[in-house]
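The values are calculated or read from the model by the stated rules, or taken from the named source; none is laboratory data. The structure displayed is predicted, hence computed values, not measured ones. Cβ placement follows ideal geometry from the backbone for every residue including glycine, while neighbour counts extend to all protein chains displayed. Side chains included, ligands, DNA and RNA excluded: accessible areas come from the protein's heavy atoms. Shrake-Rupley method; radii C 1.70, N 1.55, O 1.52, S 1.80 Å.
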Amino acid sequence: MARKAEVRYINFYSVGSSAYKLDVKPTPKTQAKPLPKQRRPRKILLRVDPIAAAGVFLAFVMLIMMVVGLFQLGTARKQAVQMQNYVLQLQAENRALDAEYKAGYDPEEIRQIAAQMGMVPIDQAQHIQITVPVEEPVQEPTVWERVYTFLVGLFA
């Protein structure tokens, strides 16, 4: 322990340049005390905030969902490319079949067969116009007209 001076009343006024000499009494040496027994360190318990834990869990779930969504997006894009290629293939096949169909018949031969059956071209056909009179729909009376009719019938 450190030496301690005797406590005296402190006078802030000092006379001249003389300083008081402190009589320091030597402290008696004490015998060494036995060390205290070592204590086991306390277990540190960390309490987890349930809202923070739920937030971390939710972030983890959202991360997994985002990764799954990216895989699904990649699959959908591959399917879209496959469908575009399939459409292009079908369009090419349609053009080939259309050319084959047009090459398979002769328009002049069809015209001769139609003439033999008694058919005539559309510009030579007789056109008849028929007009049908359309009746105008009957208008229903408005709410005010119904009220007026009711009142007239009531007081007549």
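May I ask you to list the residues in the range 108-132 that are among the small types (Gly, Ala, Ser) and not in a loop (DSSP other than H, G, I, E, B)?
If the condition is that a residue be among the small types (Gly, Ala, Ser) and not in a loop (DSSP other than H, G, I, E, B), then Ala114, Ala115 are the ones that fit.
Which residue, of Leu73, Leu45, Leu63, is free of Cβ contacts under 8 Å to residues at least 60 places away in the same chain and open to solvent by 100 Å² or more (accessible area, probe 1.4 Å)?
Values: Leu73 fails: open to solvent by 100 Å² or more (accessible area, probe 1.4 Å); Leu63 fails: open to solvent by 100 Å² or more (accessible area, probe 1.4 Å).
Result: Leu45 is the single residue among Leu73, Leu45, Leu63 that is free of Cβ contacts under 8 Å to residues at least 60 places away in the same chain and open to solvent by 100 Å² or more (accessible area, probe 1.4 Å).
Kindly establish whether Asp98 is open to solvent by 100 Å² or more (accessible area, probe 1.4 Å) and among the acidic types (Asp, Glu).
Working: open to solvent by 100 Å² or more (accessible area, probe 1.4 Å): no; among the acidic types (Asp, Glu): yes.
No, not satisfied.
Filter the range 133-156 down to residues that are of a type outside the set (Val, Ile, Thr), within 60 Å of the chain's Cα centre (by Cα) and in a loop (DSSP other than H, G, I, E, B), then give me how many there are.
Quick first cut of the range 133-156, residues of a type outside the set (Val, Ile, Thr) only: 133, 135-137, 139-141, 144-146, 148, 150-151, 153-156.
Then drop every residue that is not within 60 Å of the chain's Cα centre (by Cα), which leaves 133, 135-137, 139-141, 144-146, 148, 150.
So of that shortlist, the ones also in a loop (DSSP other than H, G, I, E, B) come out as 133, 135-137, 139-141.
Counting residues in the range 133-156 that are of a type outside the set (Val, Ile, Thr), within 60 Å of the chain's Cα centre (by Cα) and in a loop (DSSP other than H, G, I, E, B) gives 7.
Residues that are of a type in the set (D, E, K, R) and loosely packed, with under 10 Cβ neighbours inside 10 Å: does the range 113-125 have at least one?
Yes; the residues of the range 113-125 include at least one that is of a type in the set (D, E, K, R) and loosely packed, with under 10 Cβ neighbours inside 10 Å.
In the range 126-153, which residues are open to solvent by less than 100 Å² (accessible area, probe 1.4 Å), among the aliphatic types (A, V, I, L, M) and modelled with pLDDT under 90?
If the condition is that a residue be open to solvent by less than 100 Å² (accessible area, probe 1.4 Å), among the aliphatic types (A, V, I, L, M) and modelled with pLDDT under 90, then Leu151, Val152 are the ones that fit.
Answer yes or no: is there a residue in the range 46-61 that is in a loop (DSSP other than H, G, I, E, B), under 30 Å from the mean Cα position of the chain (by Cα) and at pLDDT 65 or above.
Yes: one or more hits.
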